Amino acid sequence: MGRVAKVAGVASRAKHRRNDAVAPAEEMDDEALINAFKAGDASALEMLFRRYRRPVFGWLLQATDDRADAEDLYQEVWLRIVRSASGYTAGGFRSWLWRIVRNGLIDHARKRQPMLTLDEPVSDEEGSAAQVDALADPSFVSALEKMEVEERRIQLRAAIASLSMPLREVVLLRIEGELSFQEIADLLGLKLGTVLARMHHAVRKIKLEVEKVGR
């Protein structure tokens, strides 16, 4: 049985354990959906699956640079979510989800290269107050998103793929995961200043790569 079928099978069995009426899944927030799934509502899991398809798969594809690996990891992530849902405690669904995604990536990387780590040394000198303010500004992410919908979309993705993993995962958690810098810091177990410094270095490298290709 394929992994997609396994996820669907688990959801289907859960559905039969719950017959009481609930609000339509589309109207529920993430917290309500995961709690509904824990109570046996399969449609809640299906809604979360659809809601996070693009950002989760986008991160996995950028991190692995291989569509087949990303597809396999995507299914493995959702199997882990199904298995871990009973232990989920209230608060911070997105951070919980991205921790599962990251752990899946770490396991995948270690299988391919046993000595590989996502915490390879990078320059983590904390940025200046001006840099911190610039990165904390919501317009910062929208500027990257604007680049992505314009002609340089392919170059931008290639530039992100060229980053070292510590830099790349901060960028992807910010853009694909839509996490705040503080949430990223909490997830990775880093200081906020370190996360901001990594983002600053990543953006500088991305701009250089995009400009180099665009010449």
Checklist entry - From the list R174, R168, R152, R112, which one is at pLDDT below 80 and either closer than 15 Å to D65 by Cβ or under 15 Å from the mean Cα position of the chain (by Cα) (or both)? => result R112
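For every residue, the table says whether it meets (1) surrounded by 12 or more Cβ atoms within 10 Å (Cβ to Cβ); (2) modelled with pLDDT of 90 or more; (3) assigned by TED's automatic domain parsing to the domain that holds I175.
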{"position": "A68", "(1), (2), (3)": "no, yes, no"}
{"position": "Q75", "(1), (2), (3)": "yes, yes, no"}
{"position": "W78", "(1), (2), (3)": "yes, yes, no"}
{"position": "V82", "(1), (2), (3)": "yes, yes, no"}
{"position": "G91", "(1), (2), (3)": "no, no, no"}
{"position": "H108", "(1), (2), (3)": "yes, no, no"}
Next on the checklist: Among the residues in the range 59-71, are any hydroxyl-bearing (S, T, Y), within 27 Å of K38 (Cα to Cα), out of contact with any Gly (no Cβ under 6 Å at 6 or more places or on another chain) and in contact (Cβ under 8 Å) with a residue 12 or more places away in the chain?
Outcome noted: no
Next on the checklist: Just checking: which of the helices (runs of 4 or more DSSP H) contained wholly in the range 152-202 hold 1 or more residues that are under 18 Å from L97 (Cβ atoms) and of a type in the set (F, W, Y)?
Outcome noted: 181-188
Checklist entry - Only one of (1) closer than 22 Å to L105 by Cα; (2) in contact with a helix residue (DSSP H, G or I) (Cβ under 8 Å, 6 or more places away or on another chain) is not met by S164, so which one is it? => result (2)
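The values are calculated or read from the model by the stated rules, or taken from the named source; none is laboratory data. Bear in mind that the values here come from a model prediction, so they are computed numbers and not experimental data. Because the Cβ atoms are built from the backbone with ideal geometry, glycine has one as well, and the counts that use them run over all protein chains shown.
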